[in-house]
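Read-outs: derived from the displayed coordinates by stated rules, not from any lab. Since this is a predicted model, take the numbers as computed values, not measurements. With ideal geometry, Cβ positions are generated from the backbone for all residues, glycine too; neighbour counts draw on all protein chains shown.
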Amino acid sequence: MILYVDTSALVKLYVDETGAPLVRQGVQGADAVATSEIAYVEIRAALARRRRDGALRAGDHRRLLRRLHTDWPQFLLIALGSSLIRDAGAIAEQYRLRAYDAVHLASGLVVQQQTAEPVTFACWDRVLAAAATRAGMRPLTTRGFA
């Protein structure tokens, strides 16, 4: 199985929150885990926000960043090229998605096209999950959405 994780799913590898066990199980069972390069910026921002809000102590924040830096090269990273950005723009309109959600869906579709295998799409946004399903990907979950 190829698992595509958007940032809402990726963060669950590092932070214990609703859905974390399911994402971790999905990652363990996947042949490959893919994400967009933009997820790096998004997850760093999400972890920094948790640190600022007091949900993460400084030491825990540093430890999670070290894990992220170790894990990052192991992901199948989808580059943000001009073609993907144009595709994401069309996807945003077609599926009524927010900008980065459209980038993630476009990235998942690139994985599916390049591998010619079904992709399981992990996210915690109901609208994005529905769009990924309509685009031909399998959802990791259909419950617990934001």
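Amide H to amide H distances under 5 Å link A34 with L3, Y4, V5, L76, where only residues 5 or more positions off or on other chains count and H is placed in the peptide plane. Neighbour counting of Cβ atoms within 10 Å sorts the residues F75, F121, fewest neighbours leading, into F75, F121. Note that segment 31-43 has calculated 3J(HN,Hα) couplings of 6, 8, 10, 10, 7, 7, 4, 5, 4, 4, 5, 5, 6 Hz, one per residue in order, obtained from phi through the Karplus relation 6.51 cos²θ - 1.76 cosθ + 1.60 (θ = phi - 60°); glycine and proline are x. Derived scalar couplings between HN and Hα for segment 54-64 equal x, 6, 10, 6, 4, x, 5, 4, 4, 5, 5 Hz in order, rounded to whole Hz, by the Karplus curve 6.51 cos²θ - 1.76 cosθ + 1.60 (θ = phi - 60°), x for Gly and Pro.
Mind giving me the FRET efficiency for R52 and Q25? R0 is 41 Å, r the Cβ-Cβ distance, nearest 0.05 is fine.
Working: r = 30 Å, r/R0 = 0.73.
With a Förster radius of 41 Å, E is 0.85.
Straightening the chain between R63 and S83 buys 3.6 nm, computed as 0.36 nm per residue apart minus the Cα-Cα spacing.
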